[in-house]
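Here the structure comes first, spelled out in structure tokens, and everything after it is commentary.
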Amino acid sequence: MPELIFKGKEFVYNHHLSVPFRPLVPHAKKSIGGTHLDGNLIIHGDNLHALKALLPMYAGKVDCVFIDPPYNTGNEGWAYNDNVNSPIMKEWLKANPIGLDDGLRHDKWLAMMYPRVKLLHELMSEQGSLWMTLDDNESHRARLMLDEIFGESGFVANIAWVKRYTRSNNAKMFYSLKDTLLVYRKTIALDTVKEPRTEKSDSNYTNPDNDPRGPWMTSSYVNPATREQRKRLVYPIKNPFTGKMVEHPTHAWKYKLDENRRHIEENRLWWGEKGDAEYPRLKLFLDEAEQLVPIDVWSYEDVGSSDDGGDELKRIFGKAVFENPKPTRLISKVLSLVPNRDALVLDSFAGSGTTAHAVLAANKSDDGNRKFILVEGEEYADKITAERVRRVIKGYEFSGTQREELLRENITFSKLKNPNDLLDRIAGIENLDAHRFDNISKTVKNGELLVVGEKAVKERAEGLGGSFTYCSLGDAVELDKILTGKTLPSFETLAALLFHTATNEAFDPKAMVVEGNEGYLGESSAYHIWLIYRPDIEFLKSRDAALTLTKAEAIAASRPDKQNLVFAPAKFVSQKLLNDRSLNVEHAPLPFSLYRLERS
């Protein structure tokens, strides 16, 4: 596979490994529903450090990553700020922000994105998917980067999001109506992507003959292959209405003779309203229809426009507070393609908080238990990102018109031939939903009928419910300095870091059992993990902090089914003695840098 080369790559290729671990620090006053690091999270801090902070608890657990990184248009004013120990990269820090005249802006964008995507990849579950919005400035380079990190088999789709209604004649060449949404999977364990059926997708099913099996549509019975190519699919079919035996003069049928007999017995052949069609068609019933294969062009009509995102935010805050926020419907569409209602959704370029809004709305809609993690490094993380989520959860003051789409229907000639069905559906909507709205509008535009419920809201929009914990990033945990007393993290912080670093698996705080200065951290695929520790330098230098034969015997007796890995500052028993006594105990010394497993 061709390699992507950019200036600075050799310095950032494994930069994510050297980023120090910084614990998440909850802020109760900025949270809703208490503080829980295993629930919804909004993290204020550099997203590279935040992703590293998430690894101990969330490695391999994220089902859906949605990110909207800087498009690198040259007009955004984003800054390269990673502290990479290289003269080239340090020189870049002096040249911020990134502008259109920066000849290395594409290299800097890739250098910024590469370590972040590597960490996102590590956080994703085996069936996890990544969705990245971009425009033509970086989408082609992003694909090369993602191919390199995920492998070419990781590519799923390059979706065009048609986000604008009309063109602008201010452009000198082409005017783009679309953005790109790149989709990648972590492994081939994600082998199917389907989307739920919608009223629009089902609108082509009708029941002109009042079939008791319900609405249906038809598909061609004629094979694209010729009679000579599919000789076994050539046979006569009797039209029951005319008595005529029918064969196609040039092509075969699609189905074998035994299948054709079953279709006839089940009355699945359609010969037209008068029974005189030249060839039969096959009835396909709605109640047998499968979910839909998604397509790679998404229209603003279905997933919202660039204007819709701004309008949503204006309703929530009463004014414009953010440039170019994504519409909630766009991310709702993504969530509809992630079938797990318990999915963990991560957005490390959170911006205005649209991803959390979409997750809360999805849970409200289908009683799901999805969780979100948002990361935002800018100062507006509290006042805009988190504040939007607070208002969406609790409800917010709103004065204007709320609109809810009730029906969207393509007007086809066949429907015009039988308009009563459509009118009856509209009447049914009005009967069922009129009490919820002040008005139900009906418009036809570009061959499409749109029925919308409208309600004047003068006090508050109803909240979606939910909770989240607002966090910042604590001081870096420098394991090499633990025994000097310069950095002494809490037991829980060190436990999470050691468990993940030793096992490359996620730490579950609920499995931890602590008694005094000793704690059982949990079980990995290969080990039971233990820690002898107290954030007290005098204790760490004392005999009480050492692994002794007595402690080893107690540990081995309590967890005899697999090897026990015990982190402690010292040990007063040899590994040979432990082995001679058949004690399945191994000592891992602190500082952990002496034991660290290097992973690429």
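The values are calculated or read from the model by the stated rules, or taken from the named source; none is laboratory data. Only a predicted model underlies this, so the values are computations on that prediction, with no experimental measurement involved. When we count neighbours, we look across all protein chains shown, and the Cβ atoms used for this are built from the backbone with ideal geometry, even at glycine.
Restricting attention to segment 354-398, the residues being under 30 Å from Glu448 (Cβ atoms) and hydroxyl-bearing (Ser, Thr, Tyr) number 3. The helices (runs of 4 or more DSSP H) falling completely within segment 337-441 that include 2 or more residues that are loosely packed, with under 14 Cβ neighbours inside 10 Å map to 354-366, 413-417, 419-433.
Scanning segment 492-521 for residues that are out of contact with any Leu (no Cβ under 7 Å at 6 or more places or on another chain), without any contact (Cβ under 8 Å) to a residue 60 or more places away in the chain and either over 23 Å from Ala50 (Cβ atoms) or surrounded by fewer than 20 Cβ atoms within 10 Å (Cβ to Cβ) (or both) yields Glu492, Ala511, Val513, Val514, Glu515, Gly516, Asn517, Glu518, Tyr520.
Between Met113, Met124, Met132, the distinction of being modelled with pLDDT of 95 or more, within 19 Å of Leu48 (Cα to Cα) and touching a Lys or Arg at 6+ places or on another chain (Cβ under 6 Å) belongs to Met124 only. In segment 322-333, the residues that are in a helix (DSSP H, G or I) form Cβ pairs under 7 Å with partners that are among the hydroxyl-bearing types (Ser, Thr, Tyr) and crowded, with 21+ Cβ neighbours inside 10 Å, at six or more places apart or across chains, as follows: Thr328/Thr354; Ile331/Thr354; Ile331/Thr355.
So, in segment 295-313, of the ones that are among the small types (Gly, Ala, Ser) and in a helix (DSSP H, G or I), which residue ends up modelled with the lowest pLDDT?
In this case the residue turns out to be Ser306.
All of (1) at pLDDT 85 or above; (2) more than 30 Å from Leu48 (Cα to Cα) hold for Asn420 with one exception: (1).
Let's see how each residue does on (1) closer than 22 Å to Thr133 by Cβ; (2) in the same structural domain as Ala386 (by TED's automatic domain parsing); (3) of a type in the set (D, E, K, R):
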residue: Leu55; (1), (2), (3): no, yes, no
residue: Tyr58; (1), (2), (3): no, yes, no
residue: Val65; (1), (2), (3): yes, yes, no
residue: Asn75; (1), (2), (3): yes, yes, no
residue: Ser86; (1), (2), (3): no, yes, no
residue: Met89; (1), (2), (3): no, yes, no
residue: Trp92; (1), (2), (3): no, yes, no
residue: Pro97; (1), (2), (3): yes, yes, no
residue: Lys108; (1), (2), (3): yes, yes, yes
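So for segment 536-544 (the condition being surrounded by 14 or more Cβ atoms within 10 Å (Cβ to Cβ), polar (S, T, N, Q) and not assigned by TED's automatic domain parsing to the domain that holds Arg22), does at least one residue qualify? Yes, the conditions are met somewhere in segment 536-544. Filtering segment 273-294 to residues that are within 19 Å of Asp209 (Cα to Cα) and assigned to a strand (DSSP E or B) leaves Arg281, Leu282, Lys283, Leu284, Phe285. Being touching a residue at least 24 places away in the same chain (Cβ under 8 Å), over 19 Å from Asp480 (Cα atoms) and of a type in the set (A, V, I, L, M) narrows it down to one of Leu578, Leu590, so name that one. Only one candidate passes the filter, namely Leu578.
In this structure, does Ile149 turn out to be aliphatic (A, V, I, L, M) and either modelled with pLDDT under 90 or in a helix (DSSP H, G or I) (or both)? Please lay out each step first, then the result.
Details: aliphatic (A, V, I, L, M): yes; either modelled with pLDDT under 90 or in a helix (DSSP H, G or I) (or both): yes.
For Ile149, the condition - aliphatic (A, V, I, L, M) and either modelled with pLDDT under 90 or in a helix (DSSP H, G or I) (or both) - is met.
Within segment 548-575, the set of residues being over 14 Å from Phe499 (Cα atoms) and in contact with a Pro (Cβ under 9 Å, 6 or more places away or on another chain) comprises Pro569, Ala570, Lys571. Of the set (1) within 30 Å of Glu538 (Cβ to Cβ); (2) over 29 Å from the mean Cα position of the chain (by Cα); (3) modelled with pLDDT of 90 or more, all apply to Asp480 but (3).
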